[in-house]
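Only one structure is covered here, and it is reproduced in the block below.
The values are calculated or read from the model by the stated rules, or taken from the named source; none is laboratory data. Note that the structure is predicted; figures quoted are calculated from it, not measured. A quick note on method: Cβ atoms are made from the backbone with ideal geometry, for glycine too, and the neighbour counts reach across all protein chains shown. With ligands, DNA and RNA removed, areas are computed over all heavy atoms of the protein, side chains included. Shrake-Rupley method; radii C 1.70, N 1.55, O 1.52, S 1.80 Å.
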Amino acid sequence: MINRILLSGSGGQGVITMAILLAQAACLYEGHNAIQSQSYGPEARGGATRSDVIISDEPIYYPKVQHPNILVALTNEASAKYLKFIRPNGIFLFDSDLVQPSTKMDADYVGFPMYKPVMERFGKPQALNICVLGALLELTHVTSFDSIRQCLKARFRPAFHQANEDALHLGQDLAASWKGTHRLG
Amino acid sequence: MGESMFVQGNEACARGALYANLRFFAGYPITPSTEIAESLAELLPTVGGKFVQMEDEISSMCAICGASLAGLKVMTATSGPGFSLKQEAIGYAVMAEIPCVIVDAQRGGPSTGLPTEVSQGDVMQARWGAHGDHSIIALTASSVQDVFEITVEAFNMAETLRTPVVLLLDAEICHMRERLTIPDPGELHVVERLYTEVKPGVAYHPYLPREDGRLPISNFGDGHRFNVTGLHHDIWGFPTQNPDSIEYLNRHLYDKIENRTNSLARWKEYYLDDADIVLISYGSAARSALQHVFDRRLRGERLGLLELQTIWPFPADLVRKKTAHARRVIVAEMNMGQLCSQVKTAVEHPERVFLANRIDGRLITPENIARCIRLIDGRGF
C-alpha cells in the first residue's frame, strides 16, 4: 500500500495543517510509515503552498510527491500546476467554486463547493481545511475518521473541538452526497 | 523504546538536545531553524533550563559561550545569514575550548538567499567560517530519528573534546515530519562534563590536558580563578607570545580533532558490498540518493550509498576504503561540489569522482542523479 498525496492551495488556507493531520493519523494511530513535507514562499500569507504526504508500509526515502494518486487543489493556480502530474486512476478533489480544471487527465474529478458551505455554516473560512479533510476521507479512506479525530483533539484547544467535528462532518456529508450522484473509478 | 511522536526534524533536534541534558539555549529566530527555538522555549523551562531570545545571532553565540563556561550544556540554532554572524564567536569557542553545539539549518544562499528553500551550501563555511588554523566537527542527518540521535552525538563530542560542534542540518530535514521514537533514558550514551579534581582555592590549570588529551573543566565562579581569552594562551589561560606555547596550542587544537577522525566518523551504508557505482551523500540529499539506489537495485543494477553523518573532520580513510572497488563515485549534494572536492582528494582515482548537484532551492531528485550517471556513462542527458 502506498498513497502519494499532494495538497495544494495558497498560504493561509490550512493546506499544511491538513497534510500534517493526515500523515500523523496514518503514522501514530494506524502504524504506517508516513512523511510530510511542504513548500511555500517567504510570505506570511498568500503565495503558492503545497504539502506532500506519503503513506506506505515500506520505508520512505525520497520524501516528495512527484505524481500523486490523490490531489487536492484549492486554487486555480494549484490545479493548473499539479493536475498534469496526477497518476492514472487518481482522485482529484477540488472546490468547484474556486477551481475550474482545464486539463483532462485519466483521473476522477471530484468537485463540489466547500468554501461556500463552510462560510454559511461557520461564518468564517478557518474550518475549510477540516471540511476538505472530511471530504477526502469519505472519498479515499486514506485514514479512518477516528484517527483524524484523535489528531484534531491533540492538536487543537478544546474550544475548537466541536467546530472541527462539525467541519469534518460537513465535508463527509458533501462528499457522500456527491457519491450519491457520481461514480468513482 | 519510549514515546512515539510525529514531529519535524527541528523538534527532534530540540528533544535530542534535552536528552543530552541541554540546559541553556540562546538564539535569534530565523527560517528554517525557528522551530528549534520554539520547541525549546516551551520544553527547557520544564527541566529547569534557561531559554533566552537574544537581540541577534552574535549575542546568542556569545551567551552560550558564557553559559557553557558557567557549567551548563548549551546550544544555539540559526541558518546561513546567522551562521555567518556567529563565526567570530565560534572561533573564540574553538580557541577557549568551550563545549557548545551550533545548529545551522541550511537554506539557499549566499546572503538572505532563499529563506524557505533547501541548500547544502554551508559545508565549507562550517569547516572554515572562523578564521585561523583550527579544526571543527560538523555532523549531518537525513531523517527525523537520525536528527535526534546525531544531536545527542553532537553534545557528546562537544563535551568530550571541549569544542564547538556544528550540526549541519538543512531546510528539508528541519521541516519534514516523520515518526520520532524517543529512546529511553540510558538507551543512548550521554557524555557528561569532565570536572577537575583540583580543590577550590588551589592553583588550577584550565588548559593543562590530562594524559588522554581531555581538559577537566571548572565552572566559572566555582572556586578556581582562571582566565579565558581568545588570545593565544598558556596552561593558566593567560595570553602568551611564547613561540613554544603558541605552537603547542595550535597543534593541540588541530590534533585533538584531526587525530580522532576515524573514531569521530559516523556513517550509514547501503548495498556497498558489490556496488560498482558508489553514491556519497548526506542530509536530505542522501534520501534521494538512497531512493535511486533502491530503485536501481530492483532492476539489478549494482549501486550503493555511503551516507556521511560526520563530514568534518572529513573521514578520508573511510571514503577511500568504501569506494576502493567502485567504477564510478557520484557525490550527490545541493551545492557546487563542496564535499565532492574532499572526496576527490581522498580516493585513489579522483578521475572517477563526479558531482550530481542541484542548486535551485529544490531537493535533488532521484531522477537528477540518474541523469547525471547516464551522462557520465556516455548515454546522453
* Asked: Which ones in region A:3-59 are within 8 Å of another protein chain (Cβ to nearest Cβ) and either at pLDDT 95 or above or in contact with a Phe, Trp or Tyr (Cβ under 9 Å, 6 or more places away or on another chain) (or both)?
  -> A:20, A:23, A:24, A:27, A:28, A:33, A:34, A:35, A:36, A:37
* With the condition kept exactly as written, say whether any residue in region B:244-258 is surrounded by 12 or more Cβ atoms within 10 Å (Cβ to Cβ) and either assigned by TED's automatic domain parsing to the domain that holds residue B:162 or part of a loop (DSSP other than H, G, I, E, B) (or both). => no
* Here is a list of conditions, (1) more than 12 Å from chain B (Cβ to nearest Cβ); (2) more than 16 Å from the chain's Cα centre (by Cα); (3) not polar (S, T, N, Q), and residue A:70 meets all of them except one; can you say which number that is? -> (2)
* Assess whether residue B:83 counts as being open to solvent by less than 10 Å² (accessible area, probe 1.4 Å), touching a Phe, Trp or Tyr at 6+ places or on another chain (Cβ under 8 Å), assigned to a helix (DSSP H, G or I) and within 30 Å of residue B:356 (Cα to Cα). => no
* Asked: So is residue A:88 open to solvent by 60 Å² or more (accessible area, probe 1.4 Å) and more than 14 Å from chain B (Cβ to nearest Cβ) or not?
  -> yes
* Options B:190, B:228; residue that is more than 25 Å from residue B:134 (Cβ to Cβ), outside the structural domain of residue B:154 (by TED's automatic domain parsing), of a type in the set (Val, Ile, Thr) and modelled with pLDDT of 95 or more -> B:190
* To do: Pull up region B:1-54, narrow it to residues that are within 19 Å of the chain's Cα centre (by Cα), within 14 Å of chain A (Cβ to nearest Cβ) and not in a helix (DSSP H, G or I), then point me to the one that is farthest from residue B:69 (Cα to Cα).
  => B:8
* Meets criteria (surrounded by fewer than 16 Cβ atoms within 10 Å (Cβ to Cβ) and away from chain B (no Cβ under 14 Å)) for residue A:106 -> yes
* State which residue is nearest to residue B:358 (Cα to Cα) when the search covers only region B:120-148 and only residues that are within 14 Å of chain A (Cβ to nearest Cβ) and buried (at least 23 other Cβ atoms within 10 Å of the Cβ). => B:142
